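The values are calculated or read from the model by the stated rules, or taken from the named source; none is laboratory data. It should be emphasised that the depicted structure is a prediction, and the values quoted were computed from it without experimental measurement. Every residue, glycine among them, receives a Cβ derived from its backbone with ideal geometry; neighbour counts consider all protein chains shown.
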Amino acid sequence: MYNCGPTVYKRQHVGNFRAFVTADLLRRSLEYVGFDVTQIMNITDVGHLTEDDLVDSQGECKLQKEAALRQMDPWQIARAEEKNFKDDLALMEIPPAHEYPRATEHIPEMIEMIEILLSKGLAYEVDGNVYFDITKWPKYGALSGNRLDELEAGASGRVDERTDKRHPLDFSLWKIDPKHLMQWDSPWGRGFPGWHIECSAMSRKYLGDTLDIHTGGPDNKFPHHECEIAQSEGCTGETYVRYWVHCGWLEIGGRKMSKSKGKLYTVPELLELGYTGRDLRMLMVKQHYRAPLPFDLELLDDAKKLRVKLNNFVANEMSRRPEGPKNDQIQTVISEARLKFEAALRDDLNTSVAFAVIHEFMTAVNRLQPSQLDALQVVEFMRELDSVFGVIDPVTEADALDGEIQQLIDERIQARSERNFQRADKIRDDLLARGIELVDTPQGTEWRTV
Ligand SMILES: [Zn+2]
């Protein structure tokens, strides 16, 4: 699986993270149903002129612009932001990919592909600039549903008078720009690669000519992924990608996040407001990955509440003490839930059904009043399901016990202050029967196992 990764010129915001959480959810789901996944995510650390990016046609290099703003060189910015990105992944409970290839470290692979495209007549060079010849690739637009003639009409208004392209939709493979701070030698002169070629070259190096899965954000589908297909299939003659997976937009106030005037929170900013990475995961994974995802702090609060419910259920099961035989019905409920849960994931990651299965399961368990032995199995099963979502806090049994005993100690203090010594003694005796002794000290009540 290849994931389009971040462009590391500034900290990624929640809108960007939807794509990374989706990739993570997909990987976890595939692993849950028994696949081995090799996950590669690129780091775009080359500054690119934005002329390829139809949304922003100001022609400025984002990395270079940011470097000037922060009075650092682009390399320093890229390394610092790559580290920030990986820190944020950890905060979001996203396990690392197997490799994070950097574009700047794969220039020879890109040059090799560009040479093949030139030799096949799919690309042309004008004074050191190399372009992909879109007229030689009739399939262009098939993935995004764009038709070449419609795109032509749309692009004609934006044609730069000075451009040396033969067709307005031809895209850059190699660029010459003496002002650019990141430059490499190439057969066409000193310059830097176009953005799209990095993903074609790096996915090929790490995963071969044909990838099983390629993911990206909704903004990557066009033109980035169309360009990747044209380059890769043009170069190898093989199918590039078997399954494309694009998540939907994150929306603020009903607007696409990338165009939003609203607050684009970063992960650390949300943590400062008292949320956790798991709260944000919860908000993202309970929505179907392809659907638009409305975002505001109120919705994040709702997601947090749902998560607390799951946490409490697990903590409750952990502190269940009734001894007794195993209840066969618990085993039946677990087996049925497992089948339904897996079926939901296999149905295009239908996470809302998967969460409904979890809630149904919790209700069934509560009705069955499990014994301590049953509860252990219930907790284990909840952890199994959560291996896909990563939203339940990893409370240990010791934590749960600690919380429960502390609650009883508080209750005992309360009982004594009300001169209800019978209740206070009963709490002490019950705990002693479980092998826990309360010791009153001048600093307060402590407990130890006996
Ligand atoms: Zn990409």
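What the table shows:
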quantity: Residue count, the stretch 177-204 (criterion: more than 12 Å from the ligand (Cβ to nearest atom) and more than 23 Å from the chain's Cα centre (by Cα)); calculated: 17
quantity: P74 being crowded, with 20+ Cβ neighbours inside 10 Å, more than 15 Å from the ligand (Cβ to nearest atom) and within 22 Å of A201 (Cβ to Cβ); calculated: yes
quantity: Flag for C227 being touching a helix residue (DSSP H, G or I) at 6+ places or on another chain (Cβ under 7 Å), modelled with pLDDT of 95 or more, within 16 Å of the ligand (Cβ to nearest atom) and within 27 Å of D348 (Cα to Cα); calculated: yes
quantity: Options I427, I409: the member that is among the β-branched types (V, I, T), touching a strand residue (DSSP E or B) at 6+ places or on another chain (Cβ under 6 Å) and not assigned by TED's automatic domain parsing to the domain that holds P322; calculated: I409
quantity: Which listed residue is over 30 Å from E115 (Cα atoms) and either within 16 Å of the ligand (Cβ to nearest atom) or at pLDDT 95 or above (or both), from R242, R278, R255; calculated: R278
quantity: Evaluation of G121 against (1) in contact with a Lys or Arg (Cβ under 7 Å, 6 or more places away or on another chain); (2) buried (at least 18 other Cβ atoms within 10 Å of the Cβ); (3) of a type in the set (G, A, S) (one fails), failing number; calculated: (2)
quantity: Any hit, the stretch 355-362, residues being in a helix (DSSP H, G or I), closer than 17 Å to N311 by Cβ and within 23 Å of the chain's Cα centre (by Cα); calculated: yes
quantity: Pairs with Cβ under 8 Å, 6+ apart, first in the stretch 1-20 and under 23 Å from A68 (Cα atoms) and more than 13 Å from the ligand (Cβ to nearest atom), second part of a loop (DSSP other than H, G, I, E, B) and of a type outside the set (A, V, I, L, M, F, W, C); calculated: V8/D45; Y9/G47; Q12/P6; H13/Y265
quantity: Any pair with Cβ under 6 angstrom, 6 or more apart, that starts in the stretch 194-223 at a residue that is within 14 Å of T38 (Cβ to Cβ) and assigned to a helix (DSSP H, G or I) and ends at one that is away from the ligand (no atom under 12 Å from the Cβ) and not charged (D, E, K, R); calculated: M202/H106
